[in-house]
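Here is the structure we will look at.
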Amino acid sequence: MRSLYKRSWAMQVGRSREQAIGLSRSNSPMALTLYHVPGARSLRVIWLCLELDLPLTIETIDFSPKFRDSESWRALSPTGKVPVLRDDGFTMFESGAMLQYLLDAYGAGQLQPAAGTQAAAMFQQWSWFAEATFARPLGDIAQHTVVRPEAQRIPAVVDDARQRASICLQALEVGMGAGPYLLGNAFTAADINMGYSLVLAERFGLIEPGLSRVVSYFDGLKTRPHFLKALTL
């Protein structure tokens, strides 16, 4: 399986830059801005906006400790983390909620099942699993291998997190349906949520060849042009 992500895990630090993607449409926001760091969960928002052809201004920010702790940034992101999404005067700081907001406000029924259906329940299950369950041990691995100073890294935490992440991958392996995506033949935003978590899992060498359905699923996501483009931004 070809690795998608070649960047270092370390957050890039430098001057902020802006980049606009997408084309304006009548049902699109007029002032949608994403504060982004390459490698962060902002990837999900970029990917969704590309899939929906929503206009988006990407502001790649200086993510140094000084910036993260600044009063101006904390006013947008109380935790000091990325992403932050602004739609005119409305601000959000949780990636999964951003996806749901964009789907409901501008998606016109695309990339999510109708509310109240079993498909919608599975959509929510996989979306929440990708972040609340699967991404948690991946974050622990990151913290104790590359993010924290070496003196603060605990190998036992990494070992435990790798085991928990492997359980999540096994759950995905046995829980997927017969189709190429989480909800069968239909690509949805749940695949965007899961795709980012799989990027992290691949980065940490957790996707083993024996996980044949996971490998096939992730390989399929890698054929989507908007996913590949989002990874470059």
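Since every read-out is calculated from the coordinates, none of them should be taken as a lab result. In this text the structure is predicted, and so the values were computed from the model without any measurement. Note: ideal-geometry Cβ built from the backbone for every residue, glycine included; neighbour counts use all protein chains shown.
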For Cα Rg over 2.2 N^0.38 Å the list reads (1) 1.00; (2) 1.33; (3) 1.08; the calculated value is entry (1)
Nearest-0.05 FRET efficiency for Asp104 and Ala132 at R0 = 22 Å, using Cβ-Cβ distance, is 0.65
Rh (Kirkwood, all Cα-Cα pairs) for the range 151-233, Å, reads 13.8
Two pseudo-spin positions, 7 Å from Cα along C-beta at Leu228 and at Ala115, lie apart in nanometres by 3.7
Projecting the Cα atoms of Thr79, Ala190, Pro225 onto the charge dipole of the chain, where Lys and Arg contribute +1 and Asp and Glu -1 at Cβ, the residue farthest towards the positive end is Pro225
Mean Cβ-within-10 Å packing, highest first, puts peptides 95-101, 107-113, 47-53 in the order 47-53, 95-101, 107-113
Using alpha carbon centers only, the range 185-233 is separated from the range 110-144 by a whole-angstrom value of 13
Extension length gain for Asp219 and Thr91 (0.36 nm per residue less Cα distance), in nm, is 42.7 nm
Neighbours of Ser166 by Cβ distance under 12 Å: Lys/Arg at +1, Asp/Glu at -1, summed charge -2
Dividing the helical contributions, -39500 (n - 2.57) per DSSP H run of n ≥ 4, by the residues of the chain yields a 222 nm value, nearest 500 deg cm²/dmol, of -13500 deg cm²/dmol
By the DSSP-based rule, helices of the chain that are at least 27 Å long along the axis (C-alpha) and have a mean Kyte score of at least -1.0 are 155-175
Measuring from its Cα centre, the chain shows a charge dipole (+1 at each Lys and Arg Cβ, -1 at each Asp and Glu Cβ) which, in debye to the nearest 20, is 500
Once both label points are put 7 Å beyond Cα along the C-beta direction, the Val174-Gln152 separation in nm becomes 3.7
